1. Considering only L217, L101, L170, give the residue with the highest GNM mean-square fluctuation for the chain, with springs between Cα atoms whenever their separation is below 10 Å.
2. What does the charge add up to near P186, with Lys and Arg as +1, Asp and Glu as -1, over the other residues with Cβ less than 12 Å from its Cβ?
3. Could you compute the net charge surrounding K122? Neighbours are other residues with a C-beta less than 14 Å from the C-beta of K122; K and R count +1, D and E count -1.
4. Largest first, how would D184, D46, D99 line up by accessible area (1.4 Å probe)?
5. Among the listed pairs K164/K260; K68/K164; K63/K260; K219/K276, which have their C-alpha atoms separated by more than 22 angstrom in this model?
6. So what's the gap between the Cα centers of the range 215-283 and the range 7-21, to the nearest angstrom?
7. Can you give the helix-only mean residue ellipticity at 222 nm for the chain, where every DSSP H stretch with n ≥ 4 adds -39500 (n - 2.57) and the sum goes over all residues, rounded to the nearest 500 deg cm²/dmol?
8. Keeping every protein chain present and rolling a 1.4 Å probe, give me the accessible area per residue for the chain in Å².
Amino acid sequence: MATVQVSEAEKVYILHGVRDDLRVDGRGCDDYRHMEIETDVVSNTDGSAKVSLGHTDVLVGVKAEIGKPKPCVPDEGYLEFFVDCSANATPEFEGRGGDELGVELSNTLYKVFRNQCSLDLKNLCISPGEHCWVLYVDVLLLQCDGNLFDAISVAIKAALFNTKIPKVHLSENEEGGKEIELSDDPYDCMRLNVENVPCIVTLCKVGYRHVVDATLLEKACSVASLIISVTHKGMITCVRKVGGGSLDPESIFEMTETGKRVGKALHVPLMELLQKEESLGKKRPKVGFLG
């Protein structure tokens, strides 16, 4: 994880600000930084999205390929995650510096999506026990300024919303085997219902309070963090504690309640924004470095 050095004077200034619910950039403890979302930004994917959260930039691409279902769930498809920490995000990621963080982020994403509440995986099944859709979700960290988990989860939800999977037609050949035919019509496709896809809310314990969407400076003053994935109904699908410090039961309860409230409130404007952008079609202006 990218880190910064903070002097004792800066630490005291940040701690006092958080105590008074006034952070360095003027936000309250439960506020996110300015967020920009753009979908359909990579042409050679089935779905893509770019999210900027403050100075944290994340690019996500989704590729749908036909594979074989897992033996334990023969009537479901599945997702595979890969996170690439670009050396452009921070010099600490040069060489193999970002590999450990990439594995940590991928493992957390597997835990967040390994349940029946997040995504209806049965819709990805083509032929039970034989064929299914496998969604390869590739995450690229372009710039790192704290709160990677939240930015990645929003980008994944936006990319899955943008994903178009070709319709499949099954037919039998002369030998009685099944043949798969993919539709060539770009409009004859299947869309995913991402309403229940959770968003991750990371809460950092700074002093005696906790903050949402911590910057690298605030992260340097934090003893421990709680990562909570929340659906639009406020259901928690994953909780994970990171950091070397400890959290008392009262703090965990307060952070969990804050995470549920903030996460639930994040879904509504996010879905409205994605649907609005979708309705613009080709009239949608391209922005950002990919424009």
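1. Looking only at L217, L101, L170, the largest GNM fluctuation is found for L170.
2. -2
3. Net charge around K122: -2.
4. Working: D184 150, D46 40, D99 70 Å².
Largest accessible area first, the list is D184, D99, D46.
5. Values: K164/K260 30 Å; K68/K164 20 Å; K63/K260 30 Å; K219/K276 34 Å.
Beyond 22 Å: K164/K260; K63/K260; K219/K276.
6. Each part reduced to its Cα centre gives a spacing of 23 Å.
7. The helix-only estimate for the chain comes to -9000 deg cm²/dmol at 222 nm.
8. Accessible surface, normalised per residue, equals 51 Å².
The values are calculated or read from the model by the stated rules, or taken from the named source; none is laboratory data. What you see is a predicted model, and the numbers here were worked out from it, not measured in a lab. Virtual Cβ from ideal backbone geometry, glycine too; neighbours counted across all protein chains shown. Ligands, DNA and RNA are stripped out before the accessible areas are found, and what is left, the full protein with its side chains, is counted by its heavy atoms. Shrake-Rupley method; radii C 1.70, N 1.55, O 1.52, S 1.80 Å.
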